[in-house]
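Inspection log for the structure reproduced underneath, given as structure tokens.
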Amino acid sequence: MAKKSKTKRILKIIGGIIIFFTLPSLLLFGFMYLKYNEGLPEGKQGPEADLLASQMLEALNETAYLNTDYLEWTFKGRHHYKWYKSENTCEVYWDNFIVILDLENHDNSNVFVAEQEYNGVEKHDYIHKAEAYFNNDSFWLVAPYKVFDEDVERRLVKTEDKTDALLVTYISGGTTPGDSYLWHFDDSGKPKSYQMWVDIIPIDGLEATWEKWTITESGAQFPTFHKLLFFGLELSNIKAIKL
């Protein structure tokens, strides 16, 4: 009986610890879900949506971005990039890894570990990881310039405050095809935030700011900060050069 009582007490303690750590998280998630979760809005495709997208690109000087051959930046102080746009390659740095990523044919990519070229069994895993990092981290830098990419749908949405917003859905490509973003603009037509309906975030319609824009040497403009709920995403050491 004493042994059973001791086992029961241990299980009770373990159960209490689990509840102690998980219940606040569940309550917080429930609160956030009820507060922020929104259904994907309906919008209208056509010339009006395309015009709004074009106005955004004009406000950002899209021509300067298209003429930019080289982009360099750091994402959240952890991932570093040297993107040779005209060559369709990018050097991706994290921890002690370097992947020279061929964005057209990933099999041609090279991997370095501790500055030594690596061709072991995990080579393709590192390439895929670099690709996933690049797709995510570059999107936080250049997403506005991708609204006329192939297989992208644009819709004009009238918000509750009667302003125009641009709903962009990526039908294919990238790491998570099917994601949608609702862009909101300031008075100049420049993006100030977007709401996200994406697979990796369980709450639909969360909003992230696009702010602290910088004008680079090539003339292209990029954000240096995003705020998502209580979190900040910083992009630093941004360089853009027209070669």
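The values are calculated or read from the model by the stated rules, or taken from the named source; none is laboratory data. Quantities reported herein were computed from a predicted structural model and do not represent experimental measurements. FYI the Cβ positions are ideal-geometry reconstructions off the backbone, even for glycines, and counts take in every protein chain you see. Just the protein is used for accessible areas: all its heavy atoms, side chains included, with ligands, DNA and RNA removed. Shrake-Rupley method; radii C 1.70, N 1.55, O 1.52, S 1.80 Å.
When the residues of region 39-76 are narrowed to those that are closer than 13 Å to Val142 by Cα and in a loop (DSSP other than H, G, I, E, B), which ends up nearest to the chain's Cα centre (by Cα)? Among those that are closer than 13 Å to Val142 by Cα and in a loop (DSSP other than H, G, I, E, B), it is Leu60.
Residue count for region 113-158 satisfying the condition of being in a helix (DSSP H, G or I), out of contact with any His (no Cβ under 7 Å at 6 or more places or on another chain) and aromatic (Phe, Trp, Tyr): 4.
Count of region 77-103 residues, restricted to those that are within 17 Å of Phe139 (Cα to Cα) and out of contact with any strand residue (DSSP E or B) (no Cβ under 8 Å at 6 or more places or on another chain), is 0.
So for region 172-181 (the condition being closer than 17 Å to Glu58 by Cα, in contact with a helix residue (DSSP H, G or I) (Cβ under 6 Å, 6 or more places away or on another chain) and not hydroxyl-bearing (Ser, Thr, Tyr)), does at least one residue qualify? So that I can check it myself, show each step before the final result.
Keep residues of region 172-181 that are closer than 17 Å to Glu58 by Cα, which gives none.
No.
Considering region 224-243 alone, what residues qualify as being surrounded by 13 or more Cβ atoms within 10 Å (Cβ to Cβ) and more than 15 Å from Tyr81 (Cβ to Cβ)? Phe225, His226, Lys227, Leu228, Lys242 - these are the residues of region 224-243 that are surrounded by 13 or more Cβ atoms within 10 Å (Cβ to Cβ) and more than 15 Å from Tyr81 (Cβ to Cβ). In the condition set (1) open to solvent by less than 40 Å² (accessible area, probe 1.4 Å); (2) out of contact with any strand residue (DSSP E or B) (no Cβ under 7 Å at 6 or more places or on another chain); (3) more than 24 Å from Lys227 (Cβ to Cβ), Tyr145 is compliant with all but (3).
When Tyr118 is tested against (1) out of contact with any helix residue (DSSP H, G or I) (no Cβ under 9 Å at 6 or more places or on another chain); (2) free of Cβ contacts under 8 Å to residues at least 12 places away in the same chain, just one condition goes unmet, and that condition is (1). When Glu115, Glu104, Glu42 are screened for being at pLDDT below 95, loosely packed, with under 13 Cβ neighbours inside 10 Å and closer than 26 Å to Ser180 by Cβ, only Glu42 passes. Of all residue pairs spaced 6 or more apart or on separate chains, those with beta-carbon atoms under 6 Å, a first member in region 84-98 that is in contact (Cβ under 8 Å) with a residue 24 or more places away in the chain and a second member that is among the small types (Gly, Ala, Ser) are Val92/Ala130. Residues that are open to solvent by 40 Å² or more (accessible area, probe 1.4 Å), within 28 Å of Gly39 (Cβ to Cβ) and charged (D, E, K, R) do not occur anywhere in region 167-185. A residue that is in contact with a strand residue (DSSP E or B) (Cβ under 6 Å, 6 or more places away or on another chain), more than 18 Å from Trp73 (Cβ to Cβ) and polar (S, T, N, Q) occurs nowhere in region 117-139.
The residues listed here are Lys82, Lys162; of these, the one that is closer than 21 Å to Thr216 by Cβ, among the basic types (Lys, Arg) and surrounded by fewer than 17 Cβ atoms within 10 Å (Cβ to Cβ) is Lys82. For region 186-201, residues that are in contact (Cβ under 8 Å) with a residue 40 or more places away in the chain, under 17 Å from Pro41 (Cα atoms) and open to solvent by 10 Å² or more (accessible area, probe 1.4 Å) total 2.
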